[in-house]
1. Could you tell me which GluC sites (Glu not before Pro) in region 47-99 are loop residues by DSSP with no more than 14 other beta carbons within 10 angstrom of their beta carbon?
2. Which whole-Hz couplings ³J(HN,Hα) result when phi for each residue of region 68-74 is put into the Karplus expression 6.51 cos²θ - 1.76 cosθ + 1.60, θ = phi - 60°, listed in order with x for Gly and Pro?
3. Arrange the following residues from fewest to most other Cβ atoms within 10 Å of their Cβ: SER63, SER104.
4. Which of the lysines could a cross-linker span from LYS46 if the Cα-Cα distance has to be under 16 Å and same-chain partners fewer than 8 positions apart are dropped?
5. Add +1 for every Lys or Arg and -1 for every Asp or Glu among the other residues with Cβ under 13 Å from the Cβ of CYS70, and state the total.
6. Which aspartates and glutamates have a Cα less than 16 Å from the Cα of LYS96, not counting those fewer than 8 places away in the same chain?
7. Among ILE85, ILE108, which comes first, second and so on when ranked by fewest other beta-carbon atoms within 10 Å?
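Coordinate-derived values only; no laboratory data. Quick caveat: nothing in here was measured; it's all calculated off a predicted structure. Virtual Cβ from ideal backbone geometry, glycine too; neighbours counted across all protein chains shown.
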Amino acid sequence: MIMKRTMVLLAVVCMIFLLCGSVFAGKDPVTTVTTGCEKELDTYCKNVTMGEGRVLACLYAHSDKLSGRCEYALYDAAAQLERAIAALTFVASECKDDLKSYCSGVAIGKGRLLKCLQEA
């Protein structure tokens, strides 16, 4: 149950991560999972087409065979994504008036809104 919830959370927040751009200092969730689950990705998921949560679905399908290292990497990535969402939510809430006033014409993603706020 916990593994399923973690996989669903990872899939959802990975989409948010891709839409919002990187807000991670240092390591990012994708690198965490890629590094921590390298053996499992090579063994079970090497022929899976990237995108739309298919790799996470593959790992979930083989969740009974994941090493402790891979499970930890998945939980660590989920924690990183939760922190990023909390940070994005806080910034959006605290800066919504400034975003509306100064950055309403700026496209979302790739750090453009943050750059706009910094310049304003």
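1. GLU52
2. Ordered by residue, 3J(HN,Hα) equals x, 4, 5, 4, 4, 4, 5 Hz.
3. With the fewest neighbours first, SER63, SER104 line up as SER104, SER63.
4. List returned: LYS65.
5. Local charge sum for CYS70: -3.
6. Here the aspartates and glutamates satisfying the reach criterion relative to LYS96 are GLU119.
7. Lowest count first: ILE108, ILE85.
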